[in-house]
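Quick notes on the structure that follows.
The values are calculated or read from the model by the stated rules, or taken from the named source; none is laboratory data. For clarity, every value in this text was computed on a predicted model and none was experimentally measured. Cβ coordinates were reconstructed from backbone atoms using ideal geometry, including for glycine residues, and neighbour counts include every protein chain displayed.
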């Protein structure tokens, strides 16, 4: 019961925001229409149940006029039922797509807000498969929530409607055993209730493991799919290393988890289906067994017997809602748990930057980036970099060096505001435009122009401006391919990608440009030309570079090295002029 209340509370938390959102009028109207149609369909079922009595009595009495009239009545009821069913499906699907669109937009906004997607990975939530949560689970949550809600409402209304009918039929067809009548008020209702309770209890006992199995199946499927995508994205490296055999074995291991869990689902589903199918078949004959003695004793006619069977079936079906929908409910609970976990991961990542022991990035009125009592840590809490009183001055060109693993890239991430682990403050000039260029730049799939000007809109720069930037970085042959649509991270060599990264910087003209080995795949002459282009075209831009080549020293005014001191690294200027005005003592 506690699990049920917990699940319903989570469903309410996930579902209700849509019906309070800016789309609430459309959402509520569509939901009201779907519910109204469902209630109308239940009313038609009641009318059809009453029709059974009249129609089959007419057959038994060989009453031709009543028979033909009831045929006409049935045609009208059936036509209205078909029309209502069609529009209920249409409006239900309309509500589904609007609800899913809203939830997808909200989840995307939250996931991509202020680098939450990156912080989730830092916290170890990368296996949470946000692609599955947003693409698959949202769609299934909306679909199954509506299906279960409307189905449950229909069962409740059906139960209320047909209990009255079945109670009256219990009086008309008294319980008869061995020719003796027993006056048990509403015995058909009690029989349906006992039958449904028995079926529900056994169904839950047999099928309860399906909830966890369904959850695990989605997790294993997502993990397998994620690793397939990784193979596709890294196909070149795998081919060069002749790693196909290793990848095949690794993928089959993950697929093995999918298969093993699926066999468990099959085994449990077989047992559940065997019971529910038997339960449903027995429900067909059960009311006839109860009413047959009264029929053969002449207490009721054939129409009354069939009406009783229909009413009993409706009551039993309404009471057995959880039996018939158990597999759907198991899948639904697993979906709810995954979406709840996804929301909790986003919330945890969002609150990470506001915790007391985190790195704070704040605006200030100066024209330099200031590091004050800064201590960067690894996600496991171990100290990495300490700096205090260190400045990156406007229009200055700084080269940052240090051993691998010293945290040079992590320092860039902290300045960009995406690395929360640690303490201290980083002050950045208000409204300053920062750009980070990593060793492997990111290019979205699309036209080459859209890839180069990212994250700006494709039309933010003219074709002439983009062509000029592309030519300036030494790729004039790409100038005529700006409208070509492709996966550019695959189409271009890493050196070409790094050149286009520089072209992106030329177009955006940031006040601060951070180059994290952004030219490491180029030969030294090409690298030198790119740095000269940056100096000529962006003379006011502050450049901070990470690099190991000695040739980079000529293009920077200031050299800073990360030096180990105890259990952490500290920033130490290595040029006399810079060292004179840059205190960098570590601070805890």
Checking the structure you have, find out if any residue of the stretch 315-329 is in contact (Cβ under 8 Å) with a residue 12 or more places away in the chain, surrounded by fewer than 16 Cβ atoms within 10 Å (Cβ to Cβ) and either under 34 Å from the mean Cα position of the chain (by Cα) or assigned by TED's automatic domain parsing to the domain that holds residue 186 (or both). yes
Out of all the residues in the stretch 359-389, which are over 25 Å from residue 542 (Cβ atoms) and either out of contact with any helix residue (DSSP H, G or I) (no Cβ under 6 Å at 6 or more places or on another chain) or not assigned by TED's automatic domain parsing to the domain that holds residue 565 (or both)? 377, 378, 380, 381, 382, 383
Going through the stretch 218-253 in order, the residues found to be in contact (Cβ under 8 Å) with a residue 12 or more places away in the chain, more than 16 Å from residue 131 (Cα to Cα) and surrounded by 15 or more Cβ atoms within 10 Å (Cβ to Cβ) are 231, 247, 251
When you check residue 500 against the structure, is it at pLDDT 95 or above, in the same structural domain as residue 411 (by TED's automatic domain parsing), touching a strand residue (DSSP E or B) at 6+ places or on another chain (Cβ under 7 Å) and buried (at least 17 other Cβ atoms within 10 Å of the Cβ), yes or no? no
Could you tell me whether any residue of the stretch 407-423 is buried (at least 21 other Cβ atoms within 10 Å of the Cβ), touching a helix residue (DSSP H, G or I) at 6+ places or on another chain (Cβ under 8 Å) and closer than 16 Å to residue 502 by Cα? no
Please state which one of 4, 47 is farther than 30 Å from residue 169 by Cβ and out of contact with any strand residue (DSSP E or B) (no Cβ under 6 Å at 6 or more places or on another chain). 4
Is it the case that some residue within the stretch 406-414 is at pLDDT below 90 and in contact with a strand residue (DSSP E or B) (Cβ under 9 Å, 6 or more places away or on another chain)? no
If you check residue 400 against the conditions, is it farther than 27 Å from residue 551 by Cβ and either assigned by TED's automatic domain parsing to the domain that holds residue 503 or free of Cβ contacts under 8 Å to residues at least 40 places away in the same chain (or both)? no
Could you tell me whether residue 159 is over 20 Å from the mean Cα position of the chain (by Cα), assigned to a helix (DSSP H, G or I), at pLDDT below 80 and crowded, with 18+ Cβ neighbours inside 10 Å? no
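Residue-by-condition table, conditions (1) surrounded by fewer than 22 Cβ atoms within 10 Å (Cβ to Cβ); (2) over 20 Å from residue 202 (Cβ atoms); (3) at pLDDT below 80:
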{"position": "281", "(1), (2), (3)": "yes, no, no"}
{"position": "288", "(1), (2), (3)": "yes, yes, yes"}
{"position": "294", "(1), (2), (3)": "yes, yes, yes"}
{"position": "312", "(1), (2), (3)": "no, no, yes"}
{"position": "336", "(1), (2), (3)": "no, yes, no"}
{"position": "353", "(1), (2), (3)": "yes, yes, yes"}
{"position": "368", "(1), (2), (3)": "yes, yes, no"}
{"position": "371", "(1), (2), (3)": "no, yes, no"}
{"position": "374", "(1), (2), (3)": "no, yes, no"}
Does residue 496 satisfy the condition of being out of contact with any helix residue (DSSP H, G or I) (no Cβ under 9 Å at 6 or more places or on another chain) and outside any loop (DSSP other than H, G, I, E, B)? no
Confirm whether residue 148 is at pLDDT below 80 and either assigned by TED's automatic domain parsing to the domain that holds residue 260 or in a loop (DSSP other than H, G, I, E, B) (or both). no
Report, ordered by the first and then the second residue, all pairs with beta carbons closer than 8 Å, sequence separation of six or more or different chains, a first member in the stretch 472-495 that is more than 26 Å from residue 237 (Cα to Cα), and a second member that is exposed (fewer than 13 other Cβ atoms within 10 Å of the Cβ). 482/463
Exclusive hit being more than 22 Å from the chain's Cα centre (by Cα), in the same structural domain as residue 321 (by TED's automatic domain parsing) and either modelled with pLDDT of 90 or more or surrounded by 13 or more Cβ atoms within 10 Å (Cβ to Cβ) (or both), set 206, 194: 206
Of all residues making up the stretch 70-97, the number that are under 16 Å from the mean Cα position of the chain (by Cα) and surrounded by 15 or more Cβ atoms within 10 Å (Cβ to Cβ): 1
Looking at 557, 567, 480, which one is assigned by TED's automatic domain parsing to the domain that holds residue 435, in contact with a strand residue (DSSP E or B) (Cβ under 6 Å, 6 or more places away or on another chain), at pLDDT below 95 and more than 23 Å from residue 404 (Cβ to Cβ)? 557
For residue 255, are the conditions met, namely being outside the structural domain of residue 487 (by TED's automatic domain parsing) and at pLDDT 85 or above? yes
Failed item, numbered, when residue 456 is tested on (1) modelled with pLDDT of 95 or more; (2) assigned to a loop (DSSP other than H, G, I, E, B): (1)
Specify which of the listed residues (405, 424) is part of a loop (DSSP other than H, G, I, E, B), over 32 Å from the mean Cα position of the chain (by Cα) and on the phi > 0 side of the Ramachandran plot. 405
Quick check on residue 485: is it more than 29 Å from the chain's Cα centre (by Cα) and more than 22 Å from residue 546 (Cα to Cα)? no
